[in-house]
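*Asks:* The following block contains the structure, expressed as structure tokens.
The values are calculated or read from the model by the stated rules, or taken from the named source; none is laboratory data. The shown structure was predicted, so the numbers you read here are calculated from the model rather than taken from an experiment. Cβ sites come from the backbone with ideal geometry, for glycine too, and all protein chains shown count toward neighbours.
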Amino acid sequence: MPMLDRGLVRRCLRERNYARLFAEVLGWDHPGAADAAHAVDFDGNTYTLLTVAQKRGVQALLYDQAPMPDSRVRRGIERKLTRSAYQHIVIFAPKGGDRQIWQWSSRQQGQPVRTREKDYTDDDTHGEALIQSLEHVSFTLEEEGQLTHMDVVGRMLPIADAAPVTKRFYDRFKVERDA
């Protein structure tokens, strides 16, 4: 995994310039015309997600309409979205808001889908948890020639699977520290 320019990542996040973040910083490709937008119907509402980048068939999608959907709706959107974009990252970042929720899903044969979210706010001066996740899905030019769809999906797995392990670590750390 390449080291990211954390200052540039933070600037792209603050400016909500996801196309630049994915193309210039993470090494993703611009989306094709066929992947430009996905309309998802859930609970009587239509949610339109725009593809900001893609890498070997894995799409990075943006939902930027207000208000921010609650967690139940975000999970519903994610489930319905798999019909048109099976492997994906979804960024929920309503215009005019100061909050972004990045959603990753892990799909492994014979196992239930695991969905994890990373919360980022515009006043988050570090955003380190999100940046560390983004490092997993960054690619170099040297990797480009042999990179496959499964390589990209494989890089996403630790992001979706790490949250419970990290939570257990910090819960145990807190118990030890408070003892």
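*Asks:* Filter the range 126-143 down to residues that are in contact with a Leu (Cβ under 7 Å, 6 or more places away or on another chain) and part of a helix (DSSP H, G or I) and give me whichever is farthest from K55 (Cα to Cα).
*Replies:* Restricting to residues being in contact with a Leu (Cβ under 7 Å, 6 or more places away or on another chain) and part of a helix (DSSP H, G or I), the top hit is I131.
*Asks:* When the residues of the range 119-130 are narrowed to those that are surrounded by 17 or more Cβ atoms within 10 Å (Cβ to Cβ) and not hydroxyl-bearing (S, T, Y), which ends up nearest to F22 (Cα to Cα)?
*Replies:* Of all residues in the range 119-130, those surrounded by 17 or more Cβ atoms within 10 Å (Cβ to Cβ) come to 120, 124, 127, 130.
Checking which are not hydroxyl-bearing (S, T, Y) leaves us with 124, 127, 130.
Values: D124: 20, G127: 16, L130: 14 Å.
Applying the filter and picking the extreme gives L130.
*Asks:* Name the residue that is nearest to K118 (Cα to Cα), counting only residues in the range 1-57 that are touching a helix residue (DSSP H, G or I) at 6+ places or on another chain (Cβ under 8 Å), in contact (Cβ under 8 Å) with a residue 40 or more places away in the chain and among the charged types (D, E, K, R).
*Replies:* By that ranking, first place goes to R10.
*Asks:* So which of R116, R72 ends up being more than 18 Å from F22 (Cβ to Cβ) and surrounded by fewer than 16 Cβ atoms within 10 Å (Cβ to Cβ)?
*Replies:* Working: R116 fails: surrounded by fewer than 16 Cβ atoms within 10 Å (Cβ to Cβ).
After ruling out the rest, the residue left standing is R72.
*Asks:* Residue by residue through the range 60-75, note down the ones that are of a type outside the set (K, R) and within 12 Å of Q103 (Cα to Cα). Give the steps one after another, and end with the answer.
*Replies:* Residues of the range 60-75 that are of a type outside the set (K, R), as a first pass: 60-71, 73.
Across the range 60-75, the qualifying residues are A60, L61, L62, Y63, S71.
*Asks:* How many residues are outside any helix (DSSP H, G or I), more than 20 Å from H149 (Cα to Cα) and at pLDDT below 95 when one looks only at the range 7-37? So that I can check it myself, show each step before the final result.
*Replies:* Taking the range 7-37 first, the residues outside any helix (DSSP H, G or I) are 16-17, 26-32, 36-37.
From what is left, the residues that are more than 20 Å from H149 (Cα to Cα) are 16-17, 37.
Checking which are at pLDDT below 95 leaves us with 37.
Residues that pass the stated criteria total 1.
*Asks:* Then there is this: Among residues belonging to the range 103-156 that are over 23 Å from G76 (Cβ atoms) and among the hydroxyl-bearing types (S, T, Y), point out the one that is modelled with the lowest pLDDT.
*Replies:* That would be T125.
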